[in-house]
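A short worksheet on the structure shown next.
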Amino acid sequence: MTDTECILEPLTLPESPASPAGVAAVEDSPYVPCIFCKECYLLPEQSQLLKHMIIEHKLVIADVKLVADFRRYILYWKKRFAEQPITDFCSVIRTNSEAPLEEQDNYFLLCDVLPEDRLLREQLQQKRLREILEQQQRERDDTSFHSMCMFCDQEFTGNRSVLLNHMAREHAFNIGLPDNIVNCCEFLAVLQEKLDNLQCLYCEKIFRDKNTLKDHMRKKQHRRINARNKEYDRFYIINYLEFGKSWEEVQSEDDREILDNLEEDWSDWEEHPVCAVCLFCEQQADTTGKLSLHMQKSHGFDFLKIKSEHGLNFYQQVKLVNFIRREIHHCRCYNCQEKFQSKGGLISHMEETKHITFLPPRSTWDQPQYYFPTYENDTLLCTLSDSEDLVTEDQSEDVPVVSEDISNLKALKQSSVLNQLLCEENNSREKN
């Protein structure tokens with residue numbers, strides 16, 4: 001290879017003219033050219049350019065507000081129209097079709113029905129979203145933020161969230177979570193300019209002085225922005241998320257999706273019965289009544305009868321169940337305390353000796369330690385309930401009451417605040 005054949009710089013393959021990626025290299029210029037001629041307009045004069053292309057060149061661009069990058073969009077189609085006839089891309093709309101031929105006009109409609117146009121719009125939207133997310137991340141990480149509160153003139157430095165949280169907390173002025181906002185400094189500048197012009201941020205009326213404006217916003221609860229004002233849309237991430245959709249459309253779709261999911265969830269709902277396990281074997285039942293019937297017939301243990309005879313309230317039933325569970329788990333008879341090698345041997349013993357039928361003294365099982373379940377998943381505890389007809393005088397005596405310390409009642413009376421007040425009152429009366 002000779003010296004003249006050396007590659008001195010990176011090379012790039014030519015891009016297909018039909019690919020929207022052809023707009024990759026765009027000069028940073030404030031002007032946007034006409035697609036057909038040399039006329040140029042500043043970017044804020046977008047409407048003037050559109051008007052020019054309609055009047056002079058009969059071109060109508062549909063849904064311009066949904067184009068994420070208007071300048072790149074125009075430059076792309078300027079290049080494509082120079083390569084191929086406009087009729088290859090646009091629908092032709094004939095006006096005054098019933099009039100003489102010389103009075104008829106043909107207008108050209110450029111819209112996203114054309115796959116190439118839709119692809120271009122989507123790619124510009126994705127590029128804009130990436131740029132917005134990168135900008136938002138820079139603002140999240142920025143610690144050089146500096147601004148004044150719009151309502152109390154307090155100065156804030158550091159991160160933007162400090163100021164936004166302050167205005168929401170101290171002045172009830174909430175423009176959204178910091179992580180949902182982008183270009184925050186520009187947003188705050190727009191709001192400040194409106195306040196400087198004595199304009200209410202919500203109803204957007206103009207007032208004669210600052211104090212009147214403040215009173216109006218406070219009394220009418222207008223310390224918020226007007227969500228219908230499209231000027232604010234560019235400051236919220238949600239407006240960049242989906243191609244061709246505003247925040248209202250995205251939010252309404254989310255609400256409908258939640259409602260649809262709720263309806264589907266409830267329509268498919270099937271309630272599964274809770275099965276409780278017998279105290280003495282592996283038999284299960286979905287109600288206390290069925291389980292009690294099984295224990296009575298199979299083991300001679302009548303739970304409902306015991307509950308009634310002993311006047312057991314809910315908490316005492318819990319302690320009794322946990323006590324029996326623990327004794328059975330340890331293979332120990334809860335009446336005679338005899339231990340066995342297996343659970344089967346224990347149950348046979350208790351049934352033969354009728355020890356299963358009777359409870360040991362209340363002091364044995366009515367202990368605080370049995371508030372805690374022996375088995376964490378013991379669903380029998382969830383099926384227990386109080387019975388109103390089981391309330392007895394004995395139960396009221398079991399309720400623990402912590403009394404006051406009255407060991408030194410005389411000293412307590414002498415040093416009480418009430419006693420001092422009474423003494424002062426009596427003294428004042430004697431003087432009078």
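The values are calculated or read from the model by the stated rules, or taken from the named source; none is laboratory data. As the structure is a computational prediction, the values presented were derived from the model and not from experiment. Positions of Cβ are generated from backbone atoms using ideal geometry, with glycine treated the same way; all protein chains shown enter the neighbour counts. Ligands, DNA and RNA are stripped out before the accessible areas are found, and what is left, the full protein with its side chains, is counted by its heavy atoms. Shrake-Rupley method; radii C 1.70, N 1.55, O 1.52, S 1.80 Å.
Being out of contact with any Leu (no Cβ under 7 Å at 6 or more places or on another chain), modelled with pLDDT under 90, in a helix (DSSP H, G or I) and loosely packed, with under 10 Cβ neighbours inside 10 Å: is that true of P44 here? Taking the combined requirement at face value, the residue satisfies it.
Of the listed requirements (1) more than 41 Å from the chain's Cα centre (by Cα); (2) closer than 26 Å to Y240 by Cβ; (3) in contact (Cβ under 8 Å) with a residue 60 or more places away in the chain, W77 misses just one: (3). Highlighted here are the helices (runs of 4 or more DSSP H) found entirely within region 297-386 that include at least 2 residues which are touching a Cys at 6+ places or on another chain (Cβ under 9 Å) and either closer than 21 Å to E282 by Cβ or open to solvent by 60 Å² or more (accessible area, probe 1.4 Å) (or both): 343-352. Flag not set for K431, criterion: touching a helix residue (DSSP H, G or I) at 6+ places or on another chain (Cβ under 8 Å), at pLDDT below 85, of a type outside the set (D, E) and open to solvent by 70 Å² or more (accessible area, probe 1.4 Å). Scanning region 104-143 for residues that are of a type in the set (A, V, I, L, M, F, W, C) and within 26 Å of the chain's Cα centre (by Cα), we see that the one that is surrounded by the fewest Cβ atoms within 10 Å (Cβ to Cβ) is L133.
Here's the yes/no breakdown for (1) closer than 26 Å to K220 by Cα; (2) over 26 Å from the mean Cα position of the chain (by Cα); (3) surrounded by 14 or more Cβ atoms within 10 Å (Cβ to Cβ):
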residue: S147; (1), (2), (3): no, yes, yes
residue: M150; (1), (2), (3): yes, yes, yes
residue: F156; (1), (2), (3): no, yes, yes
residue: N165; (1), (2), (3): yes, no, yes
residue: A172; (1), (2), (3): yes, no, no
residue: P178; (1), (2), (3): yes, no, yes
residue: A189; (1), (2), (3): yes, yes, no
residue: L195; (1), (2), (3): yes, yes, yes
residue: Y202; (1), (2), (3): yes, no, yes
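Every listed requirement among (1) in contact (Cβ under 8 Å) with a residue 24 or more places away in the chain; (2) touching a Gly at 6+ places or on another chain (Cβ under 7 Å) is met by T143 save one, (1). Exactly one residue among F81, F70, F108 is in contact with a Lys or Arg (Cβ under 7 Å, 6 or more places away or on another chain) and modelled with pLDDT of 90 or more, and that residue is F108. Within region 161-218, which residues are assigned to a loop (DSSP other than H, G, I, E, B), touching a residue at least 24 places away in the same chain (Cβ under 8 Å) and closer than 20 Å to S147 by Cα? A172, F173, N174, I175, G176, V182, N183, L201 - these are the residues of region 161-218 that are assigned to a loop (DSSP other than H, G, I, E, B), touching a residue at least 24 places away in the same chain (Cβ under 8 Å) and closer than 20 Å to S147 by Cα.
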